[in-house]
Structures are given as structure tokens and as C-alpha cells.
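Reviewing the structure listed below.
The values are calculated or read from the model by the stated rules, or taken from the named source; none is laboratory data. If you're wondering where the values come from, they're calculated on a predicted model, not measured in any experiment. For neighbour counting, all protein chains shown are included, and Cβ atoms are generated from backbone atoms with ideal geometry for every residue, glycine included. Areas reflect the complete protein model, heavy atoms only, side chains present, ligands, DNA and RNA absent. Shrake-Rupley method; radii C 1.70, N 1.55, O 1.52, S 1.80 Å.
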Amino acid sequence: MICYKNTEEFHIEEPTSLSLGKFDGVHRGHEELLARLMHDKRQGLKAAVFTFDIPPKKLTENHNYRLLTTNLEKQTILEQRGVDYLLQCPFTPEVMHMEPEDFVAWLVRDLHVKSIVVGTDFHFGHNRRGDRELLGQLAPKYGYELTVVEKLQYQGRDISSTYVREEILKGNMQTANELLGYSFFVQSEVIHGRQLGRTLGIPTINMELPAEKLLPPKGVYVTRVVIGGRSYTGVTNVGQKPTVSSNHKVNVETHILDYEGDLYGQVLRVSFLTFVRPEQKFASVEELKAQMERDIETSRRMDGV
């Protein structure tokens, strides 16, 4: 996959089928859009996705926005889905104030667009004045075919990034994973921690994640970690480790069951399966160790290992 980042200067010679949107999470609703792209790809078009490197909502509303998937994670998922071109366009003032038809003309010209695939609620251009109706009106003028994909629902509600985010923030990982179509994950390089787990006989891997990455509530989770093509059950703590630290920074720390080896410097993916218990402060390190051992046994039972 060819990925354009930090630039508005992109040009594709090959005819493309283009889908546009935030694609945060690349959930099951997005999969419907990607399925249409793959259909067009089989007809000879290249599959392209246009998104912004920072969600417009974060800039226009200026609030503490958290992403289901970082740009790198999104890139990884889309490449696995067969996308040929990913355009992570910077949300500059020039792009922000572009009139809807100018936006369409720009993309059709520079990306050689022959097909556009969007959801029913897609909006674009200055003040979000462009919508699917306008895209349909402009299709004959600019020579593309428009496909509007209806929303996919789960339990009577449209699947959306907002819906997924709500479930993760409640710790409802199983529902969130059903909406995503895969297990919510964090992906990062393994870094050196305080190595307290190793001294307790329960070694853990530590991951430092971007500030914009959404995390589930503080607590312990059953997770899955793939190392060298093999899947291992993990016990992951999301939190501040109040028993042993006064640092208020939230960490992600995972004990990998039945694995021994040095993972420092490797980029791993930790996928969240089930919430076990909330984070708590213990009176001593011994009590913490005893609870960690119980968490390991609980995770074995819950993951069937």
C-alpha cells in the first residue's frame, strides 16, 4: 500500500475507487465501504481511502478527543484489507475552507477518481455543506459513479466510531469487539519499566502509547498477544499502579502466560478480550502479588487455556 502523509500534493495516475471518511477504528460499518472498494478493485480500479491525519472534530471543537486507532494502526488495518492507496491529508485551513465542489474537483483530478463510495451521513467541504445528494448531482459533471452504503446496525443502533468508543469507555470489550469485527488493540514498542513484575516472578511487558489513543477504564483485562506467529493469553493492567507508584500516568502492562523471552524493542499488539476487575490499591506488594496470581488463573479460565 502507498501512503501519503503530511501533504496535500498527491497524484495517482491509475483510475481509482475512492472512499472518504475518518475511518476511526475501521469497524464493521467501515467494512461495508471497503467491501465496495474491493468490488471495484476486481473491476480494475485501484482501491483508495481518503482521510485526515487528525480528526476534524478534534480541531473544530477543540476538546480532548481520543482515537480508537492511531494513524499507524489505521494504516496497518487498511493495508490488510487490500487498500492500495491511503491518503492521510493534513486538515489545513485551506482544506477546511474549501468549497464542496472544489473539494470534489480536486480529488477527482489528482486521484483519477472513477468511483466514489461513502456512507449515508458523509459530509464534506466548508461548514460540512457537501453531502451525498451533492455528490450525486456532481457525478455526471466529473465522470464518476457514486455508491452510497447504508449504515450497518447492531442491537437496533447504527454501528459508528462513537458507539464503539462508548462501549470501550464502559469496559464492555466484548460488545466493542462485536462492533469492530476484531478485538480492540493497542500496538506499541515494548519499553523498559521498573521490572517489579520480574522480581515478583510475574514478568510483564510495558507499552508507552500516544496521548491520543483511547484506552478502556483502569483495571485488569484478559488479552491476546501474538509473538512470532503464535497467540498467547495475556493479563493486562491499564492504570497507574497505585500500590507501587505515585505517578499519575496511565500505563499498559501485560503478563504473557506461558512465554519466556526478551521482547524489549519489539512492536507488539495487545488485543483486549474481557474485563476482569477494576484497578485497586493493595496494602503491600505481597497482597498485590497474590492478586496477580489470582488474575492469571482467572484469565486462564476465561480464555480457556
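In the chain, helices alone account for a calculated mean residue ellipticity at 222 nm of -9500 deg cm²/dmol, with every DSSP H run of four or more residues adding -39,500 (n - 2.57).
Shape analysis of segment 1-113 places it in the oblate category; the axes a ≥ b ≥ c from the Cα gyration tensor give an a/c of at least 1.5, with a/b not above b/c.
Compute, for segment 64-206, the length of the dipole vector about the Cα centre, with Cβ point charges of +1 (Lys, Arg) and -1 (Asp, Glu) only. Units Debye, rounded to 20.
520
Label-to-label distance, residue 287 versus residue 150, with points set 7 angstrom from Cα along the beta-carbon direction: 5.6 nm. Of 176, 283, 48, the residue with the greatest mean-square motion in the GNM of the chain, using alpha carbon springs below 10 Å, is 283.
Relative to the longest principal axis of the Cα atoms of the chain, helix 132-142 runs at roughly 50 degrees.
Relative to the longest principal axis of the Cα atoms of the chain, the long axis of helix 28-42 makes an angle of roughly 50 degrees.
Note the full-extension length gain between residue 158 and residue 39 as 0.36 nm times their separation in residues minus their Cα-Cα distance, in nm to one decimal.
Answer, rounded to one decimal: 40.5 nm.
Entry comment: accessible area of the chain is 48 Å² per residue, from protein heavy atoms only and a probe of 1.4 Å.
At 0.36 nm per residue, minus the direct Cα-Cα distance, what do residue 99 and residue 280 gain on full extension? Give it in nm, one decimal, please.
Stretched out fully, the residue 99 to residue 280 stretch lengthens by 60.0 nm.
For residue 227, the residues whose amide H sits under 5 Å from its own are 232, ignoring neighbours fewer than 5 places away on the same chain, with H placed 1.01 Å from N. How far, in degrees from 0 to 90, does helix 285-303 lean away from the longest principal axis of the Cα atoms of the chain, to the nearest 10? Here the helix axis deviates by roughly 50 degrees. Which residues in segment 85-129 place their backbone N less than 11 Å from a point set 7 Å from the Cα of residue 141 along the Cα-to-Cβ direction? The answer is 100-105. Once you've got the GNM for the chain with C-alpha springs shorter than 10 Å, pick whichever of 82, 143, 171 has the biggest mean-square fluctuation. Highest fluctuation among the options: 143. Of all DSSP-defined beta bridges confined to the chain, some 60% are antiparallel rather than parallel. Given axes a ≥ b ≥ c from the Cα gyration tensor, I'd like to know whether segment 260-305 is rounded (a/c under 1.5), prolate (a/b larger than b/c) or oblate. Since a/c reaches 1.5 but b/c is at least a/b, the shape of segment 260-305 is classed as oblate. Taking 0.36 nm per residue of separation and subtracting the Cα-Cα distance, full extension of the segment from residue 182 to residue 3 would add 62.1 nm.
Protein heavy-atom surface of the chain, 1.4 angstrom probe: 47% of the accessible area is carbon and sulfur, with nucleic acids and ligands not counted. Highest mobility in the GNM of the chain, judged by mean-square fluctuation with C-alpha springs under 10 Å and restricted to 204, 147, 120, is found for 120.
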